[in-house]
Amino acid sequence: MEKIVALCKRRGFIFQSSEIYGGINGFWDYGPAGAELKRNIKDAWWNDVVRSRTDVVGIDGTIITHPRVWEASGHTTAFTDPMVDCKKCKGRWRADQLPDTKCPEGGPHEFTEARQFNLMFKTFVGPVEDGASVAYLRPETAQVIFAQFNNVLSVSRQKVPFGIAQIGKAFRNEINPRNFTFRSREFEQMELEFFIKPGTDADWHKYWVEERLKWYESIGLPKEKLSQYVYKKEELAHYASACVDVMFEFPFGVQELEGIAARGDFDLSQHQKFSGKSMEYFDDESKEKYIPHVVEPSAGVDRIALALLCSAYDEETATDEKGQTETRVVMRFAPRIAPVKVAVFPLLRNKPVLVEKAKEVFKLLQPHFTTEWDDRGNIGKRYRYQDEQGTPWCVTIDFETLGEKGPELADTVTLRDRDTMKQERVKITELVPLISQKLRG
């Protein structure tokens, strides 16, 4: 993890939030490469879960909602973790994650009795900070979907079974954030609430577990590092009939990426009870009226980004002609997820004719792919920089491009592959279709 954390800062994936002031625990900023990586993850999820289907629509709900939403969902009373303090060192931990090391003050820790700590961030709406203006930063995006169920159903022309999806920020006041970005206080979720007819829960739950596992492989996570944790009956929430966690083998252990739960009609029934508004659905075909059940795949964008960073990181050691050993660090992202798809270099930055031609190629590629211009340092250093950023292809404009080594090479460029480091001459006019084909592959 130390190497990955160092690379994340060095190559602009992830920075400590407010670093110049000493940082703030549990909060992270994403740099240029990290912002593109996260956007690609969200775009892949939205495309595959929403746009490529006819039975899922999307919404974008607010971070702050009416406090009754969280009363109905149970978050104001049950969304807690057990917390303990050490009387000697004043450290604070979750009761199920106590340290097994000696107390810094000497000897074993001396823990207080566990007490429940609500994880929601509290705030106030309006100019007066009193009980009537209390609100909360949402701890999940799902409840906005349930609260808007009737509105979405009336405008989307959908019928059960159908889903409502959302991507957005969520906030949890974690007692002890840890493992880099894995457990943070501010994070992004990608959640789908798929509404189904009662009695079809098991079939739809199995379907979404299979779909989600295939999706993780499609974005480049190796099958052998993915696994499932199937909840035992006694581990399920009282309203759930099944739950499976998609797990990933991180350097710090096997941890959850996503939960897929069959939640019954608990959420809609609770909002019907607390709001007094009917959440029943009338089925035109069966002429039945019922509150739909729901299957919920809920994934963390930041955890997926961290899994991709851990999975992509690779080191290659080679010996050159002089017998010197060199280590190449390369991020082997799947091309659809890579922050930058192609980088364009003029071979020499002090040759205006090369620079001008390279800019033409850059402008040709830029509308089609996330493209980066780089003319700093020698060509080897540029390749190494792009390898560490995970850029799948680099295009170099050289003297052959200008026709100085023969007319047959005029208007061709060098296309270098990140993984194999092989280079091929490609006509400039063929670059867009060729890279497009490689991306689809």
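The values are calculated or read from the model by the stated rules, or taken from the named source; none is laboratory data. None of the values given here were measured: they were computed from a predicted structure. Every residue, glycine as well, gets a Cβ built from its backbone with ideal geometry; the counts of neighbours run over all protein chains shown.
Structure summary
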read-out	value
Single unsatisfied condition, Arg68 versus (1) surrounded by 15 or more Cβ atoms within 10 Å (Cβ to Cβ); (2) more than 30 Å from Leu309 (Cβ to Cβ); (3) basic (Lys, Arg)	(1)
From the options Leu364, Leu415, Leu439, residue that is crowded, with 19+ Cβ neighbours inside 10 Å and under 28 Å from Ala44 (Cα atoms)	Leu415
Of residues in segment 402-437 being of a type in the set (D, E, K, R) and over 18 Å from Ile379 (Cα atoms), the one modelled with the lowest pLDDT	Lys405
Residues (in contact with a Cys (Cβ under 6 Å, 6 or more places away or on another chain) and not in a loop (DSSP other than H, G, I, E, B)) located in segment 87-110	none
Residue in segment 284-296 that is part of a strand (DSSP E or B) and modelled with pLDDT under 95 present	yes
When residues of segment 111-126 are limited to those that are assigned to a strand (DSSP E or B) and of a type in the set (Phe, Trp, Tyr), the one nearest to Phe79 (Cα to Cα)	Phe117
Any chance Asp302 is touching an Asp or Glu at 6+ places or on another chain (Cβ under 8 Å) and either part of a strand (DSSP E or B) or not aliphatic (A, V, I, L, M) (or both)	yes
Selected residue [in contact (Cβ under 8 Å) with a residue 24 or more places away in the chain and among the acidic types (Asp, Glu)] from Glu19, Glu36	Glu36
Gln228, sole failed condition from (1) modelled with pLDDT of 95 or more; (2) of a type in the set (S, T, N, Q); (3) farther than 30 Å from Gln97 by Cα	(3)
Some residue of segment 89-103 being polar (S, T, N, Q) and over 21 Å from the mean Cα position of the chain (by Cα)	yes
Count - residues of segment 203-228 that are surrounded by fewer than 15 Cβ atoms within 10 Å (Cβ to Cβ) and either in contact with a strand residue (DSSP E or B) (Cβ under 7 Å, 6 or more places away or on another chain) or among the small types (Gly, Ala, Ser) (or both)	3
Val155 of a type in the set (A, V, I, L, M) and not in a loop (DSSP other than H, G, I, E, B)	yes
Segment 252-283, subset of a type in the set (D, E, K, R) and over 27 Å from the mean Cα position of the chain (by Cα), residue modelled with the lowest pLDDT	Asp283
From Phe369, Phe399, residue being loosely packed, with under 15 Cβ neighbours inside 10 Å, touching a residue at least 40 places away in the same chain (Cβ under 8 Å), in a loop (DSSP other than H, G, I, E, B) and not hydroxyl-bearing (Ser, Thr, Tyr)	Phe399
Checking Lys122 against (1) touching a Leu at 6+ places or on another chain (Cβ under 9 Å); (2) surrounded by 17 or more Cβ atoms within 10 Å (Cβ to Cβ), the condition it does not meet	(2)
Test: residue in segment 41-51 that is under 30 Å from Glu210 (Cβ atoms), in contact (Cβ under 8 Å) with a residue 12 or more places away in the chain, touching a Lys or Arg at 6+ places or on another chain (Cβ under 7 Å) and of a type outside the set (Val, Ile, Thr)	yes
Filter result (touching a strand residue (DSSP E or B) at 6+ places or on another chain (Cβ under 9 Å) and either part of a strand (DSSP E or B) or among the small types (Gly, Ala, Ser) (or both)) within segment 127-140	Ser133, Val134, Ala135, Tyr136, Leu137
Pro251 in contact with a Lys or Arg (Cβ under 6 Å, 6 or more places away or on another chain) and of a type outside the set (Gly, Ala, Ser)	no
Residues within segment 61-103 that are among the β-branched types (Val, Ile, Thr), farther than 22 Å from Ile167 by Cα and at pLDDT 85 or above, tallied	2
Criterion: basic (Lys, Arg) and crowded, with 18+ Cβ neighbours inside 10 Å - qualifying residue of Arg115, Arg138	Arg138
Residue in segment 419-437 that is touching a Pro at 6+ places or on another chain (Cβ under 9 Å), free of Cβ contacts under 8 Å to residues at least 24 places away in the same chain and not in a helix (DSSP H, G or I) present	no
Candidate set: segment 249-271, residues that are without any contact (Cβ under 8 Å) to a residue 60 or more places away in the chain and over 22 Å from Glu193 (Cβ atoms); chosen: the one surrounded by the fewest Cβ atoms within 10 Å (Cβ to Cβ)	Gly253
Condition check for Ala318: part of a strand (DSSP E or B), among the small types (Gly, Ala, Ser) and free of Cβ contacts under 8 Å to residues at least 12 places away in the same chain	yes
